[in-house]
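Only one structure is covered here, and it is reproduced in the block below.
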Amino acid sequence: MYSKHLIYNNLKKRYLALILIFFTVTAFGQSNFYRLSLGGSAGGNYTFADVKGKPAFGGAVNLDYHFTPFITAGIEAQMGLLKGGDRNTGHQREFTNAYQAFMVNAKFRAGEFTDFYYSDFLNYTKGFYLGTGVGMIKNNMNEIVRSKINPDGNPYTFPGKDVSSGLIVPINVGIDFYFPDGWGDIRYIFNINYQANWTFGEGLDGYDDTKTIRRNVGSAPDIYNFLSIGFKYTFGPRGLTGKSIR
């Protein structure tokens, strides 16, 4: 009788120990994260259009929903200046576009697909991401050369619109760096992002000359690039992930 009682106690202890180990391992491999993040960024941009671009600047505000800590979908509002040309050289074209853009996008980060807690390099680069989306841009030429005098003495007016809008497709490449708050939860994200925006139409630089009159006009889309640094704050409802991101 005593032997059976001893065996029962030993089995009970082992069973409780296994349960404790199971919950300890499970808790260790899981982490909470906030579903929403709000951030802002600023940086420089450069235009590739029908006239040679010039460095300019822009800013953006982002609101993202986190399906996991490393997969997000969000909206972005962006505004700034795009510049190009030189009225004193070449075809004498020059513009400044005070643009506004609104886009939706999705981003996929390396941490979703790697076991980064086994490697320092993978841990440092877990926030590296690629993403794309779609949006609209509103072009507003607050400064543009619309006419010139040809070598033969005749005036020429550059065709195009001072105000226009069109579709854009952004391609994002960047990296997020995560910082915890006092409780150990990821609250702050420092971001470096490079965005290439393919535009459809001839509104980016305000010029719409025909192929027979100007070079570099045709089927190739106008593009502007935006290199920025930013900061995000996470908040809202919380999710649970199987990866510890601390």
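R0 = 25 Å: FRET efficiency of residue 162 with residue 194, Cβ-based, nearest 0.05? Can you show the working numbers first?
Working: r = 29 Å, r/R0 = 1.18.
Approximately 0.25, to the nearest 0.05.
Starting from the Cα of residue 75, step 7 Å along the direction of its Cβ; do the same at residue 61; then give the gap between the two resulting points in nm.
For residue 75 paired with residue 61, the spin-label model returns 1.1 nm.
Using a cut-off of 13 Å between beta-carbons, work out the net charge of the residues near residue 72 (Lys and Arg +1, Asp and Glu -1, residue 72 not included).
0
Please state, rounded to one decimal and in Å, the Kirkwood hydrodynamic radius that the range 117-163 gives when every pair of distinct Cα atoms enters the mean of 1/r.
One decimal place: 16.2 Å for the Kirkwood radius.
Once the cut-off is 18 Å, how many percent of the Cα-Cα pairs in the range 72-203 end up in the long-distance tail?
Percent of Cα pairs beyond 18 Å in the range 72-203: 66.
Would you order 181, 222, 162 from fewest to most other beta-carbon atoms within 10 Å of each residue's own beta-carbon?
In increasing order of surrounding Cβ atoms, one gets 181, 162, 222.
So which aspartates and glutamates can residue 107 reach, going by Cα to Cα under 18 Å and dropping same-chain residues fewer than 8 places off?
64, 76, 176
Quick note: the coordinates plus some simple rules give every number you see, no bench work behind them. The structure displayed is predicted, hence computed values, not measured ones. Quick reminder, even Gly has a Cβ in these numbers, built from the backbone with ideal geometry, and neighbours come from all protein chains shown.
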